[in-house]
Amino acid sequence: MIWEKKMFLDKLALKYKSDKSSQGHSYTQYYDFVFDKIKKQSLKILEIGVQSGGSLKMWKEYFPNSLIYGIDIDPNCKKIEEDRIKIFIGSQADPVFLKDTKEKIKDDIDIIIDDGSHQSYHQIESLKILFPYVRPGGYYIIEDLHTSYRKKFNKGSTTRIMTYLYTLIDDMNLNGKTICANKIKIVEKLEKQKIALNYYEKNIEYILMFSGLCVIKKIKRDIKTTTFFTSQMSIFFKTLHQHMTDMIEKFKKKQKKIIFWHNYLVNDWKELISDQFETLYKSGLYDAVDKVCCGVVGIQPCLDEYSVFIKELVSSYTTNNKIEIRTSIENSFEYITLNWLKEYCNSNDAYVLYFHIKGISHPIGSITRPFEDDWRKYLEYFNIEKWQDCIKKLDEKFDCCGIGYRKRKKFIGNFWWANSNYIKKLIPVSNVLLNKDKRIVALRRRRYFYENWLFKYNPNKWTTFTPNIYCFYSRVGIYKGQRRLLPKEYKDEK
Ligand SMILES: C[S@@+](CC[C@H](N)C(=O)[O-])C[C@H]1O[C@@H](n2cnc3c(N)ncnc32)[C@H](O)[C@@H]1O
């Protein structure tokens with residue numbers, strides 16, 4: 001299941017011809033399993049072994065906000081350097097070179113991968129020197145462990161890497177000094193009792209052994225000290241540091257982000273919702289938001305099915321279920337979800353994203369459905385995949401942003417981001433609309449009200465590119481070779 005859903009890293013490995021792909025060692029499945037949740041973070045990643053740069057380029061695309069460092073003994077590798085990729089030339093068994101490299105990188109490193117010579121002696125030396133430079137909570141990985149069983153990879157060493165790793169498993173278990181798995185608590189207790197612990201005993205949280213590859217996870221708090229006094233000082237500074245980090249994180253995330261997602265359960269609703277959730281998840285937006293409020297309209301059997309379906313869908317990607325649901329059997333177009341959004345904004349400060357299950361009322365096989373699908377992808381690209389650009393616009397004090405603001409006062413397709421402070425000013429959303437003569441507006445015309453509602457108070461709006469075409473009848477898809485239709489700043493992207 002994990003493998004089917006998360007092919008992204010493998011595609012990159014194939015694209016950049018790294019032997020970590022499914023056509024080589026197949027390590028991408030393990031890496032995706034371990035790194036999927038942190039790939040959008042800003043990290044420092046160091047790989048020993050550059051060769052033609054395949055894996056470094058793969059990492060660069062997989063970790064879009066990270067810096068990638070490479071070490072190789074071959075001076076030709078220097079030419080692989082590019083934006084966000086830096087190469088250091090030297091041997092992974094040379095302690096002076098490794099320390100010097102760390103000084104140049106400055107901060108602790110989040111992920112270190114050893115895909116260098118695969119000589120046991122080198123692997124052990126690098127681990128001994130570099131593991132202390134791994135950020136608490138970070139990872140040290142050694143690849144191609146099968147080499148441990150071959151003579152030619154054990155030149156000049158008395159210990160094979162696998163034998164050394166077995167000793168680390170002993171260390172991870174504190175060599176039997178305790179039966180408690182709460183490392184932080186127990187290490188402090190043992191140190192108070194003046195029981196000596198080695199660095200690995202204090203710092204390995206777990207070791208994952210895959211076929212050919214192991215992942216050593218460093219415990220979140222880096223425990224270096226041995227005496228009680230210094231350990232207390234260390235705790236003080238660590239707490240202070242943690243406090244400062246939390247403050248910075250809080251400051252960065254000061255504005256809550258909430259999604260309001262309108263779901264209409266007809267035709268192939270399950271497929272379309274799955275597709276939209278995948279986009280949401282892969283963009284990193286799902287991880288970044290505080291909750292996802294789903295307003296759902298449909299007949300009762302579909303509504304019953306929906307709550308099980310959405311739970312299973314989310315759990316196939318993550319254990320973090322942020323979905324809240326409101327349902328209605330009465331179809332008043334987008335009323336249920338927009339009304340919820342308005343209610344929420346009246347008493348909260350947040351950035352809100354509104355989007356819906358666009359195209360669902362056009363059955364599969366109808367002439368218009370391919371146009372709708374393309375158009376939906378286009379809306380998702382700007383509002384979901386490029387969500388950070390939208391947040392920046394709201395940070396710049398725009399009230400709302402979306403695509404293709406038109407004279408008819410709407411963002412085409414009605415996907416948008418808005419600041420709750422602006423939404424507070426808007427008139428309530430009603431499901432009974434009266435026209436000037438106080439007559440109830442026909443249902444089919446109410447949908448336009450929901451599309452125009454955002455503009456009732458003349459917002460300071462930011463709109464990306466307005467395609468000079470009718471989305472109903474044109475293929476505006478960004479994935480179908482129609483990139484020429486994109487605004488300039490997006491056109492050159494890979
Ligand atoms: C398996 S290749 C790396 C492949 C690369 N990581 C990838 O997936 O595309 C191994 C590399 O390790 C380098 N190497 C060999 N001995 C080394 C040493 N002692 N120190 C650093 N690099 C070394 C080789 O020059 C070679 O480029």
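The values are calculated or read from the model by the stated rules, or taken from the named source; none is laboratory data. Note that this is a predicted model, so its numbers are computed, not measured. Cβ atoms come from the backbone with ideal geometry, glycine included; neighbour counts cover every protein chain shown.
Residues Lys20, Lys39, Lys57, Lys15: which one is farther than 26 Å from Leu127 by Cβ, assigned by TED's automatic domain parsing to the domain that holds Ser211 and either more than 12 Å from the ligand (Cβ to nearest atom) or not hydrophobic (A, V, I, L, M, F, W, C) (or both)?
Lys15
From the list Val296, Val289, which one is at pLDDT 60 or above, hydrophobic (A, V, I, L, M, F, W, C) and touching a Ser or Thr at 6+ places or on another chain (Cβ under 7 Å)?
Answer to the selection: Val296.
Filter region 60-106 down to residues that are near the ligand (Cβ under 9 Å from one of its atoms) and in contact with a strand residue (DSSP E or B) (Cβ under 6 Å, 6 or more places away or on another chain) and give me whichever is farthest from Phe131 (Cα to Cα).
The residue in question is Cys77.
Would you call Ile336 farther than 14 Å from Cys293 by Cβ, surrounded by 20 or more Cβ atoms within 10 Å (Cβ to Cβ) and among the aliphatic types (A, V, I, L, M)?
It is false that Ile336 is farther than 14 Å from Cys293 by Cβ, surrounded by 20 or more Cβ atoms within 10 Å (Cβ to Cβ) and among the aliphatic types (A, V, I, L, M).
Is it the case that Lys44 is among the basic types (Lys, Arg) and either near the ligand (Cβ under 8 Å from one of its atoms) or farther than 20 Å from Val134 by Cα (or both)?
no
Take Ile80 and decide whether it is within 23 Å of the chain's Cα centre (by Cα) and more than 19 Å from Ser126 (Cβ to Cβ).
No.
Can you find a residue in region 305-325 that is among the aliphatic types (A, V, I, L, M), closer than 25 Å to Phe449 by Cβ and exposed (fewer than 14 other Cβ atoms within 10 Å of the Cβ)?
For region 305-325, residues among the aliphatic types (A, V, I, L, M), closer than 25 Å to Phe449 by Cβ and exposed (fewer than 14 other Cβ atoms within 10 Å of the Cβ): absent.
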